[in-house]
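Read through the structure below, which is laid out as structure tokens, and then see the notes.
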Amino acid sequence: MAVLLTGGAGYIGSHTAVEFLENGIDVAVVDNFSNSSPKAIERVEKLTGKKVALYEADVCDKEKMREIFKANEFDAIIHFAGYKAVGESVAKPIAYYRNNIDSALVLCELMTEFKVPGIVFSSSATVYGVPETVPLVETMPTGNCTNPYGWTKYMIEQILIDFARANDFAKVTLLRYFNPVGAHPSGEIGEDPLGIPNNLSPYVCQVAVGRRPFLSVFGNDYPTPDGTGVRDYIHVVDLAKGHLQAYRHMKQGVAAYNLGTGRGYSVLDLVETFKRVNNVDVPYKIVDRRPGDIATCYADPAKANAELGWKANLGLDEMCRDAYNWQRKYPNGYRD
Ligand code: NAD
Ligand code: WQD
């Protein structure tokens with residue numbers, strides 16, 4: 001018996017692979033490396049001393065996926081594979097709908113064919129759209145997404161809800177991540193965006209190692225304590241452990257969980273913490289707001305705490321320390 005990690009060579013998938021292997025659970029990874037490197041899996045194997053069954057394939061390719069399902073006995077799928085860049089999704093919406101929706105549909109079809117009961121889906125806080133109040137609770141309405149990427153997450157949640165309604169054997173878990181940052185404390189695996197980073201933490205890391213001259217802080221006139229945007233940053237190792245707990249607690253039907261710390265930090269909180277714990281300068285300039293950004297977003301993680309027995313333990317210091325440790329060790333990510 002093994003767990004299939006789609007997109008398992010990616011940022012969150014590779015950290016999750018480590019947690020599963022360290023807990024004695026065999027994993028298979030399918031990835032087309034559209035946004036990752038096979039090196040990540042080599043490092044996972046080195047860190048854990050365990051083998052990963054690695055398949056290079058597109059999850060949308062049903063025939064190829066069927067061969068992988070035939071060759072293994074999966075009891076669950078953790079579905080990370082997908083495109084995730086918000087801005088790119090506005091420019092290329094159809095590519096996003098095609099890749100993200102098709103991959104989910106193929107998995108549902110093969111789960112039915114091979115009677116694989118469990119699926120844990122990488123959803124996002126973005127499904128809540130523009131929140132009216134914080135913290136965000138799972139019972140709050142979803143939809144009103146601000147970009148095609150967010151809509152793909154919303155639509156896949158709905159597909160999986162309908163899938164579970166129609167199939168008694170199905171156990172569907174929707175994990176709504178907040179803002180994953182940091183890296184494995186070994187510095188061997190981490191976030192490795194292609195091109196100019198869209199997200200705050202990898203941008204800060206690249207400024208800190210001298211790959212970019214300064215950080216642009218998108219607005220300091222939000223209704224927040226220091227005027228910059230507030231988010232719930234969560235260490236990727238805590239997030240990975242959340243998947244392990246979700247797998248262990250899979251149950252018939254559908255359950256959605258927020259995976260966040262429950263604490264919000266501003267852009268400047270993160271920058272100042274990064275500078276302090278790493279003793280490095282991070283020059284920044286305040287620029288205009290980024291279109292589509294919201295002022296404040298953080299989770300109420302009480303449901304995951306209570307039902308999954310999971311809690312984020314690592315703080316902003318560890319997130320900034322581990323992110324920089326990885327970036328310093330491999331300034332060009334997996335291309336080094
Ligand atoms: P990532 O890009 O590092 O990982 C995704 C992986 O999927 C990559 O290795 C990529 O090569 C692979 N992939 C994409 N399409 C594929 C396909 N059709 N077939 C096979 N492999 C494919 O991203 P990540 O940060 O690890 O995110 C993992 C998941 O979590 C994504 O679904 C993402 O939308 C979701 N998520 C991420 C964040 C975040 O901020 N990182 C937040 C919320 C949700
Ligand atoms: C965080 C804060 C920015 C970059 C996105 C997606 C979301 C989820 C996680 C997948 C904001 C500010 C950023 C920069 C800045 N992904 N910022 N300068 O926007 O909360 O969420 O990633 O599901 O769907 O929307 O994350 O890291 O881009 O931004 O000032 O160069 O940092 O304005 O306040 P965001 P982020």
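The values are calculated or read from the model by the stated rules, or taken from the named source; none is laboratory data. On a predicted model such as this, the values are computed, not experimentally measured, just so you know. Don't worry about glycine lacking a Cβ; one is built from the backbone with ideal geometry, like all the others, and counts go over all protein chains shown. To get the accessible areas, we keep the full protein, side chains included, count just its heavy atoms, and leave off ligands, DNA and RNA. Shrake-Rupley method; radii C 1.70, N 1.55, O 1.52, S 1.80 Å.
Of (1) more than 9 Å from ligand 1 (Cβ to nearest atom); (2) open to solvent by less than 10 Å² (accessible area, probe 1.4 Å); (3) closer than 16 Å to GLY7 by Cα, VAL116 satisfies all except one. Which? VAL116 satisfies every listed condition except (3). Would you check if there is a residue in the stretch 306-323 being farther than 29 Å from VAL90 by Cα, open to solvent by 40 Å² or more (accessible area, probe 1.4 Å), in contact with a Gly (Cβ under 9 Å, 6 or more places away or on another chain) and not in a loop (DSSP other than H, G, I, E, B)? The answer is yes, given that some residue of the stretch 306-323 is farther than 29 Å from VAL90 by Cα, open to solvent by 40 Å² or more (accessible area, probe 1.4 Å), in contact with a Gly (Cβ under 9 Å, 6 or more places away or on another chain) and not in a loop (DSSP other than H, G, I, E, B). Scanning the stretch 203-215 for residues that are of a type outside the set (A, V, I, L, M, F, W, C), out of contact with any helix residue (DSSP H, G or I) (no Cβ under 8 Å at 6 or more places or on another chain) and away from ligand 1 (no atom under 16 Å from the Cβ) yields a count of 2. Yes or no: the stretch 288-303 includes at least one residue that is of a type in the set (A, V, I, L, M), more than 14 Å from ligand 2 (Cβ to nearest atom) and on the phi < 0 side of the Ramachandran plot. Looking for residues that are of a type in the set (A, V, I, L, M), more than 14 Å from ligand 2 (Cβ to nearest atom) and on the phi < 0 side of the Ramachandran plot, one finds at least one in the stretch 288-303, hence yes. Among the numbered conditions (1) in contact (Cβ under 8 Å) with a residue 24 or more places away in the chain; (2) surrounded by fewer than 17 Cβ atoms within 10 Å (Cβ to Cβ); (3) under 20 Å from HIS15 (Cβ atoms), the only one that LEU54 does not meet is (2). When the residues of the stretch 261-285 are filtered to those that are out of contact with any Leu (no Cβ under 9 Å at 6 or more places or on another chain) and in a loop (DSSP other than H, G, I, E, B), the one that is most open to solvent (accessible area, probe 1.4 Å) is ASN279.
Scanning the stretch 102-132 for residues that are of a type in the set (A, V, I, L, M) and either closer than 13 Å to PHE163 by Cβ or within 15 Å of ligand 2 (Cβ to nearest atom) (or both) gives ALA104, LEU105, VAL106, LEU107, LEU110, MET111, VAL116, ILE119, ALA125, VAL127, VAL130.
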